[in-house]
Amino acid sequence: MTASVAVVYIVLMNVLVCGCAGTMKIGAIFDTADAQKERAFELAVERLGKLSKKNYKIEAVIERLDVDDPLAAMSATCSLMKQGVAGILGPTLEHNSRTVQSICDDKDVPHLDVRWVDEPTTPTINFYPSQSMLTQLFIDIIRAWEYKDFVVLYDNAESLKRMTRFLQVYNNNNYKIVFRQLEKYGNYRPALKEVRKSGATHLMLDCSTEIVKDVLTQAQQVGLMSDKHYFFITNFDLQTIDLVPFQFSETNITGIRLFDPQSEPIRDLAEFIFAEDIARDPMFVFSAPYKLHLDVILIVDAVMMFGEVLEELPETPKSIDCDQNDRWLSGLTITNLVKGKQYSGLSGIIAFDGVGYRNNLMVDVIELKEGGITKVGNWSDEKSIQKLTIDRPPYENDVRKQALKHKSFRVLISLIEPFARYKRVSDTSLRGNSEYEGFAIDLIHELSVIEGFNYTFLNQIDKKNGDYNPVKREWEGMIGAIRANEADLAIADLTITSDRQQAVDFTTPFMNLGISILYQKPRKAPPSFFSFADPFALEIWILVALSYLTVSMVLFVLGRICSSEWTNPYPCIEEPEYLVNQLSLRNCFWFVSGSIMQQGTEIGPLALSTRMVAGIWWFFTLIMVSSYTANLAVFLTRETPIPHFNDVFELVKNAETKGIKWGAKKDGSTVNFFKASRNRFKEYGQIYDFMMDHAGDVLVSDPTLGVERAERENYAFFMEITSIEYEIQRRCNLTKVGKLLDEKSYGIAMRKNSTYRSVLSRAILDLQHSGKLNELKRKWWEEKRGGGFCESEDDQSEATALNLKNVGGVFWVTMGGVLIAVVLVVAELLMHVVKISIQTKAPLWQSIVEEFKFYFKFSGMIKPVTYNNPNLEESSKSSVKNS
């Protein structure tokens, strides 16, 4: 049935049928969990209801599937038809979609498809560009960009089908085209390494949106990201990917898109879909349009176009039972009317051929620049116009073609030291550029010397770098001045953020930094009553005490066992009544005490084993006493400071007990950092909430006010590390606390798509490579205006108590010496027992038992001696008695 006959049919139906009130239902099946798609569908149906001139209600009916399951898809389709839907949108997965298409064809219910399909054989309404259009688009771009030998990277069967169709039409035998499949599970390096080793520099990437960034990241890791490499990414959702890591790689990355994220309708759609995210973070309104995927846009276009056709329908659809032979009589007519209609949607002009392919396609050709994604051309399939038009040459290897010689710039500065300030001279006649000095002033001068441009400085009176005002819906501060064309460039402590990059362009960073804490230096702790014990940690004192007890007991035991320690108190008597051992328990403790105090005693070990213990103990005391004396001198001459906190987490923990407040510059990137990171750490959320609840008290309009307050009271001021380094060089009672909380950069801001951004970026890189930027920073941070006045904190480092890591070896040596002494005394005991056993002809074990009985029967110094000769024994006793 042709479109004209269909129109006549509907007109007749309008005449014959009463247009009574009812509900027009549009169904949708979603088989992937995507809130964007569902919200877009509901929004489109809601808009249809508001725009409808009929007296019936338009309702959205949604069915959801969990997996690619044709049986579940069939059940969902029949459920929608039973509810009397006028058409069905979706689903996305291939098998589900084919099932829905088959049932819709059988029941003459219009089926709206927004996914890529490979040459459908049945009548369809597909809003995604047809494969024949995509093939011609790819070929035109490949030829315009002069790709000769190149590599095609694909990830699955669908992308292989697309590339196969492309290759069948391209069919250029003069050049070599290599296909490489990207491995699964996220490791694409093997294939990318093969490409690098082959020397290929031109790559065509066809893969799902989810893995594009990972592929580019791993390509950068293996060395495929340089100014000699070219990537053509066939995915229509390239603008939704975070490409910031590749902006300054100088790699030529080309892509395509069907809609402009900056257009007013797209921004309105993004504000609706991401309403909750924007409510939490008003700055998200700028990046929200770049988060919209093509299928979301096509869903809105499909529903709106279908709704316009339904306006001509005289009646609402009836319920259809899949188990019966029911058909919707008007369904095929509606399908033909959609195919014959031309509609201006979010994705451009939408029109179909007789089969249901989309034609009259208009595509934007985009490239990744240092300022972000930039449109560089258009492609259209209309025969009346040139298919591909490029706004500039595809290759622009020499960025210096955009000469800045004799060009004049208005440079906006903010009087924040050390970036810019008034000169302190007695001559008040200084005017214009000559009245300013600082790091930013010198940097602009160096850039002008390289590129030959002129400049005039303008002072930002309110010192605001730039923040978005959601009430006024406009940017303020430096960013607002740039967007309003009040200045050409802006340079200060201006942080490059994703939100600001949506509003203006930035050069290559001229300084890398992060957020830290500026706070008072900790006060010195008063000496404690037991400060003499500070040189050693508690664990060392405990180990020393244990060593003292252990060595004393070991010396006592060895003295008991070792026969050499039992001596004759009367050398004139050959066989005395008793023997004397000087290593009694008291004497052992006294000997060890005297050694560690380095005073010595009258006691001297005689046996080899006991002397081994004594020698090792003397070595131990030598090291420990020397270490103690050296560290004690440090502790007595330096007072250890007691900090209120050591990092941001301790700051939040101790703030209430120590009476500490914290703050930052009002409307600055530091506050936005804590706002964006409040869900990352609970402490970050507490910091942000405190600053918002006490904004009038803790947030300052000028960083200098925050620095001065940090000097006077318990106030922790969050600011960039570069500014902290500048202040602690001149304010000796301030210091940096903790590590960097983030990593970011300063750059020179300019209007979006400025032609001189790449030139200035290259000049900044030249200054970095020549060391000029480091020289300027050293000049303004460490030399000018009191730089270097305060001593470095490294020169005043506090003393640290020695722990086990410092002196652990001494303990091991002591333990080893004691063990060797034990081995020696056992050997000496065995030799002595064997000798006695031979003399007495007693068993060896009996001699050992008797020896131990004698050794440990008396803990003192005297041991009785039993003689085999009674006369000698009596003579010895009388001699001892007389003496």
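The values are calculated or read from the model by the stated rules, or taken from the named source; none is laboratory data. This one's a predicted model, so the numbers in the text were calculated from it and none came from an experiment. Every residue, glycine as well, gets a Cβ built from its backbone with ideal geometry; the counts of neighbours run over all protein chains shown. Please note that ligands, DNA and RNA were not included when accessible areas were found on the heavy atoms of the full protein model with its side chains. Shrake-Rupley method; radii C 1.70, N 1.55, O 1.52, S 1.80 Å.
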Against the definition (at pLDDT below 85 and of a type in the set (Gly, Ala, Ser)), how does residue 745 come out, yes or no? no
Helices (runs of 4 or more DSSP H) contained in segment 640-732 and holding at least 2 residues of a type in the set (S, T, N, Q) and either modelled with pLDDT under 90 or over 25 Å from residue 415 (Cβ atoms) (or both): 648-658, 669-676, 721-728
Could you please let me know if residue 219 is in a helix (DSSP H, G or I) and either surrounded by fewer than 20 Cβ atoms within 10 Å (Cβ to Cβ) or touching a Leu at 6+ places or on another chain (Cβ under 6 Å) (or both)? yes
Which of the residues spanning segment 489-512 are surrounded by 23 or more Cβ atoms within 10 Å (Cβ to Cβ) and among the charged types (D, E, K, R)? 493, 500, 505
Evaluate segment 306-329: report whether one residue or more is open to solvent by less than 10 Å² (accessible area, probe 1.4 Å), of a type in the set (D, E, K, R) and part of a helix (DSSP H, G or I). no
Would you check if residue 214 is open to solvent by 20 Å² or more (accessible area, probe 1.4 Å), under 28 Å from residue 290 (Cβ atoms) and at pLDDT 90 or above? yes
I'd like the full set of residues that are closer than 25 Å to residue 266 by Cα, of a type in the set (Gly, Ala, Ser), surrounded by fewer than 17 Cβ atoms within 10 Å (Cβ to Cβ) and without any contact (Cβ under 8 Å) to a residue 40 or more places away in the chain, limited to segment 38-92. 49
Assess whether residue 334 counts as being within 37 Å of the chain's Cα centre (by Cα) and open to solvent by less than 60 Å² (accessible area, probe 1.4 Å). no
Residue 53: passes all of (1) at pLDDT 75 or above; (2) under 27 Å from residue 100 (Cα atoms) but (2)
Could you list, in sequence order, the residues of segment 59-94 that are over 38 Å from the mean Cα position of the chain (by Cα) and within 26 Å of residue 157 (Cα to Cα)? 70, 71, 72, 73, 74, 89
I'm trying to understand the selection: among the residues of segment 513-552, which are modelled with pLDDT of 85 or more, in contact with a Phe, Trp or Tyr (Cβ under 9 Å, 6 or more places away or on another chain) and open to solvent by 80 Å² or more (accessible area, probe 1.4 Å)? 549
When you go through (1) among the hydroxyl-bearing types (Ser, Thr, Tyr); (2) open to solvent by 30 Å² or more (accessible area, probe 1.4 Å); (3) in contact (Cβ under 8 Å) with a residue 40 or more places away in the chain; (4) in contact with a His (Cβ under 7 Å, 6 or more places away or on another chain) one by one for residue 201, which number turns out not to apply? (3)
Of the conditions (1) over 20 Å from residue 127 (Cα atoms); (2) in a helix (DSSP H, G or I); (3) touching a residue at least 40 places away in the same chain (Cβ under 8 Å), residue 254 satisfies every one except a single condition; which number is it? (2)
As an exercise: evaluate residue 446 against (1) modelled with pLDDT of 90 or more; (2) within 22 Å of residue 751 (Cβ to Cβ) and give the number of the one condition it does not meet. (2)
May I ask you to list the residues in segment 367-383 that are under 32 Å from the mean Cα position of the chain (by Cα), farther than 14 Å from residue 255 by Cβ and charged (D, E, K, R)? 370
Checking the conditions here, which among 698, 707 is in contact with a helix residue (DSSP H, G or I) (Cβ under 6 Å, 6 or more places away or on another chain), free of Cβ contacts under 8 Å to residues at least 60 places away in the same chain and crowded, with 16+ Cβ neighbours inside 10 Å? 698
Pick from segment 355-366 the residues that are in contact with a Gly (Cβ under 9 Å, 6 or more places away or on another chain) and surrounded by fewer than 20 Cβ atoms within 10 Å (Cβ to Cβ): which of them is farthest from residue 250 (Cα to Cα)? 360
Mind checking which pairs have a first residue in segment 21-36 that is under 18 Å from residue 66 (Cβ atoms) and of a type in the set (Asp, Glu) and a second that is modelled with pLDDT of 80 or more and open to solvent by 50 Å² or more (accessible area, probe 1.4 Å), Cβ under 7 Å, 6 or more apart or different chains? 31/68; 31/92; 31/93
Among the residues of segment 822-864, which ones are open to solvent by 80 Å² or more (accessible area, probe 1.4 Å), of a type in the set (A, V, I, L, M) and either more than 18 Å from residue 582 (Cα to Cα) or modelled with pLDDT of 70 or more (or both)? 823, 830, 831, 838, 844
Please determine, by comparing only the residues of segment 272-297 that are open to solvent by less than 60 Å² (accessible area, probe 1.4 Å) and of a type in the set (Asp, Glu), which one is farthest from residue 678 (Cα to Cα). 295
Any hit, segment 714-736, residues being loosely packed, with under 15 Cβ neighbours inside 10 Å and either under 21 Å from residue 498 (Cα atoms) or without any contact (Cβ under 8 Å) to a residue 40 or more places away in the chain (or both): no
Taking segment 578-633, which residues are in a helix (DSSP H, G or I), open to solvent by less than 40 Å² (accessible area, probe 1.4 Å) and closer than 18 Å to residue 822 by Cα? 588, 592, 609, 610, 613, 614, 615, 616, 617, 620
Among (1) within 30 Å of residue 475 (Cα to Cα); (2) open to solvent by 50 Å² or more (accessible area, probe 1.4 Å); (3) within 24 Å of the chain's Cα centre (by Cα), the one test that residue 692 misses: (3)
Within segment 280-294, is even one residue part of a helix (DSSP H, G or I), over 33 Å from the mean Cα position of the chain (by Cα) and either of a type in the set (Phe, Trp, Tyr) or closer than 20 Å to residue 28 by Cβ (or both)? no
Residue among 741, 767 that is in contact with a Phe, Trp or Tyr (Cβ under 9 Å, 6 or more places away or on another chain), more than 28 Å from residue 676 (Cβ to Cβ), open to solvent by less than 60 Å² (accessible area, probe 1.4 Å) and not small (Gly, Ala, Ser): 767
Whichever residue in segment 412-436 is open to solvent by 30 Å² or more (accessible area, probe 1.4 Å) and among the β-branched types (Val, Ile, Thr) and, among such residues, is modelled with the lowest pLDDT: 428
Using beta carbons and a limit of 7 Å, which pairs, at least six apart or on different chains, have the first residue in segment 486-510 and closer than 22 Å to residue 404 by Cα and the second one among the polar types (S, T, N, Q) and open to solvent by less than 30 Å² (accessible area, probe 1.4 Å)? 492/414; 492/465; 505/754; 507/761; 508/761; 509/745
